[in-house]
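**Q** The structure is given below, and queries will be raised subsequently.
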């Protein structure tokens with residue numbers, strides 16, 4: 001009777017547990033569809049993860065069993081549950097063994113939980129328990145859940161769930177993310193010693209954290225796992241000994257939205273996908289028309305709720321090429337770090353109020369510093385969150401504070417007032433670079449600045465800077481569309497315009513001459529005028545037509561920013577973001593057809609279901625003859641006599657290249673656009689503040705500030721034959737009759753040579 005009564009009580013006890021009367025018991029539907037918070041993945045066109053959007057402690061990418069290295073499967077079974085394939089969720093033999101060793105032999109053998117029990121605990125975490133009875137009830141509930149999991153899933157599916165759920169600390173949740181974080185490789189590529197290290201972390205990730213306790217704890221634990229794998233027959237002794245002889249082999253990649261590849265692009269994408277619908281009618285209409293803006297709110301899950309970018313595991317497939325992106329980031333840093341900033345620093349030492357130009361007034365400097373203070377995160381916190389008065393905020397901004405600041409030699413720990421730190425950061429030159437395939441509009445490269453951790457202003461999309469002479473091709477396009485030839489000759493003399501300039505009725509505007517004094521007063525071709533960036537020639541073109549005609553061309557090539565219909569736009573008095581500049585030049589390389597830049601091709605849910613597919617649209621902006629004429633003219637820019645000649649004599653390019661340099665007033669901005677048949681690259685360089693700039697033309701021109709980024713980037717691109725970037729000539733329209741032979745020869749491709757110190761590029 002006692003035995004029978006005990007059996008009945010045990011039966012009733014587990015029945016109550018199973019029915020959820022002694023605590024939460026997940027339903028059958030919940031068990032079939034366990035919830036794993038999963039990060040959204042941003043994936044490059046060539047299939048490389050660029051980064052993820054994740055909630056704190058949940059940076060996870062779920063992968064199926066087939067994509068997990070067999071070494072990882074063997075390692076986790078060997079160390080965590082050697083009888084995994086023989087039990088149905090509860091290993092009673094293992095429990096008896098643990099009880100004997102723990103209670104009788106006093107050995108620490110762990111809790112004896114199976115992998116399935118551990119999964120049950122991880123999927124449905126234990127509540128707070130205050131006494132042994134509540135703990136025991138919770139433990140038995142895990143038994144029931146484990147048995148149900150075994151009935152619901154195959155052994156392989158349980159292992160995949162378990163490894164996807166495991167935490168490996170350092171923002172590495174799940175086996176796939178851990179593989180990338182610690183070894184920079186896919187989970188399917190894990191070697192035996194790498195798998196053993198990760199399996200060893202399962203017991204206590206913090207204790208076996210390889211970044212903190214690598215040699216002390218992690219390495220011995222890994223070797224223990226390897227020995228277990230040998231004992232269970234998963235690997236032979238020779239392979240195990242070779243693996244044990246290796247160090248941990250870490251290739252750590254910190255997981256943070258501020259670091260990694262394409263940081264500016266990912267942040268732009270994050271803001272775009274989660275953007276709220278504007279309240280204004282015009283803003284709301286634009287938001288509705290854009291398929292990417294507010295994507296997470298426009299698309300609903302099956303439960304009717306909007307997608308959560310940080311928890312729902314979306315897959316965002318982009319047009320970015322990870323190889324090109326890397327080459328561009330390296331080129332930008334190389335130019336700024338090793339060449340331009342050191343040169344700029346030498347100039348700054350000569351200024352009276354460095355880093356500001358000697359022409360800046362005290363009022364202008366004070367206004368600039370106060371504006372920068374108002375835009376800072378520190379000010380926002382003090383004003384919005386702490387509600388401090390302005391007087392107190394200013395006092396704090398002038399109080400010395402410990403801080404870490406950026407330098408090209410590494411982070412520096414120092415003590416500065418916040419106002420001094422603002423002034424310190426103003427001395428750094430910034431750059432941005434974007435590359436597009438003109439035939440498809442695919443954005444291959446997006447570099448919004450030098451280092452997102454310290455310079456978070458995105459010059460690709462957020463910043464509008466005066467573009468200078470890179471706007472001139474759109475002026476010349478008007479002439480080509482009206483039947484003129486690149487070889488048409490005009491007098492290189494001053495061109496005056498009378499009208500309402502500087503708010504003075506009847507005043508005269510006369511674009512300044514360039515540095516090519518030897519051409520003053522001579523007849524020059526339009527091609528030579530563009531290649532030398534002669535302001536008076538672009539002014540002559542404007543004299544024949546009008547600002548509205550130029551603006552019409554700009555609109556056809558996708559420029560949406562406001563442009564004043566004034567004469568000075570003929571020399572580049574226009575403010576545009578890098579994004580619009582890059583997109584506009586696609587029309588020249590694409591036979592007159594403008595293609596809207598595109599950055600995302602499709603978005604899928606975590607199960608691979610297509611949520612949205614994106615395509616670009618195109619418009620005829622000019623005739624194919626005009627487009628080719630402009631390419632021919634811009635090839636002159638990169639010839640032996642052009643403003644971008646250093647592409648030939650310094651960087652030793654020999655293939656056909658069309659391009660345009662640009663320099664703005666006081667050398668505040670330097671630009672370069674480089675075009676080959678199937679790739680356009682746009683580089684910009686300048687300081688945060690227009691009053692911080694080079695003092696001389698040789699250093700401050702676009703050919704020195706921006707062109708080297710394009711050149712260094714293209715050197716790497718051409719060295720990578722897998723990218724397929726063309727070095728062939730531009731395709732000439734079949735029906736074109738103009739011979740385009742302005743100098744009696746074919747377009748020049750000069751041999752590399754030494755650059756003369758007296759050579760100047762453009763103004």
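**Q** Here is a check on your reading of the model: is residue 365 in a strand (DSSP E or B) and in contact with a strand residue (DSSP E or B) (Cβ under 9 Å, 6 or more places away or on another chain)?
**A** no
**Q** Given the conditions (1) in contact (Cβ under 8 Å) with a residue 24 or more places away in the chain; (2) more than 11 Å from residue 477 (Cα to Cα), report the number of the one that residue 560 does not fulfil.
**A** Here residue 560 meets the rest and fails (1).
**Q** In the stretch 456-488, how many are in a loop (DSSP other than H, G, I, E, B) and in contact (Cβ under 8 Å) with a residue 60 or more places away in the chain?
**A** Here the count works out to 14.
**Q** Moving on to the next point. Using the structure shown, decide if residue 343 is without any contact (Cβ under 8 Å) to a residue 40 or more places away in the chain, within 27 Å of residue 694 (Cβ to Cβ) and part of a helix (DSSP H, G or I).
**A** Judged against the criteria, residue 343 is not a match.
**Q** Do we have residue 626 as within 30 Å of residue 426 (Cα to Cα), in contact with a helix residue (DSSP H, G or I) (Cβ under 8 Å, 6 or more places away or on another chain) and surrounded by 20 or more Cβ atoms within 10 Å (Cβ to Cβ) here?
**A** No.
**Q** Of the residues 616, 643, only one is surrounded by 20 or more Cβ atoms within 10 Å (Cβ to Cβ), in contact with a strand residue (DSSP E or B) (Cβ under 9 Å, 6 or more places away or on another chain), in a loop (DSSP other than H, G, I, E, B) and not assigned by TED's automatic domain parsing to the domain that holds residue 292; which?
**A** On inspection, the qualifying residue turns out to be 643.
**Q** Spot the failing condition for residue 309; the list is (1) crowded, with 19+ Cβ neighbours inside 10 Å; (2) modelled with pLDDT of 95 or more, and only one is missed.
**A** Exception for residue 309: condition (2).
**Q** Could you list, in sequence order, all residues of the stretch 257-295 that are part of a loop (DSSP other than H, G, I, E, B) and within 20 Å of residue 333 (Cα to Cα)?
**A** Those that are part of a loop (DSSP other than H, G, I, E, B) and within 20 Å of residue 333 (Cα to Cα): 257, 258, 259, 260, 261, 262.
The values are calculated or read from the model by the stated rules, or taken from the named source; none is laboratory data. All figures in this text were calculated on a predicted structure; none of them were measured in a lab. All Cβ positions, glycine included, derive from the backbone under ideal geometry; neighbour counts span all protein chains shown.
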